[in-house]
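The next block holds one structure in the form of structure tokens; read it before the comments.
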Amino acid sequence: MGTEEKFDLYFKPECPFSLKVLNFFKDNNITNFQSYNIKDATCGAENTRKLEEVGGKVQVPCIVIDGEAMYESDDIIEYAKENFL
């Protein structure tokens, strides 16, 4: 992945599926990209509002790339394998 690609990853600390994605990203050094933003959906109304605005629901984990939301931990991990590694 080039550092020009920007994406946001929304999570909730108590969500095991969020932790699955976060651990995959950490284990594969995906968090080292400058254009990567991690956002706790439970921390502040702004994060929750943006999550709902982009995908129409407050479901995590959610990765937002080019304004498009993707849910489901396995789908996010598969996307990351194909595009970020």
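The values are calculated or read from the model by the stated rules, or taken from the named source; none is laboratory data. Everything numeric here is computed off the predicted structure, so don't read it as measured data. Just the protein is used for accessible areas: all its heavy atoms, side chains included, with ligands, DNA and RNA removed. Shrake-Rupley method; radii C 1.70, N 1.55, O 1.52, S 1.80 Å.
Overview of results
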item: Selection from segment 37-85 of residues that are within 10 Å of the chain's Cα centre (by Cα), hydroxyl-bearing (Ser, Thr, Tyr) and open to solvent by 50 Å² or more (accessible area, probe 1.4 Å); result: none
item: Output for segment 14-36, where each listed residue is open to solvent by 60 Å² or more (accessible area, probe 1.4 Å), of a type outside the set (S, T, N, Q) and more than 14 Å from Phe84 (Cα to Cα); result: Glu14, Pro16, Phe17, Leu19, Lys20
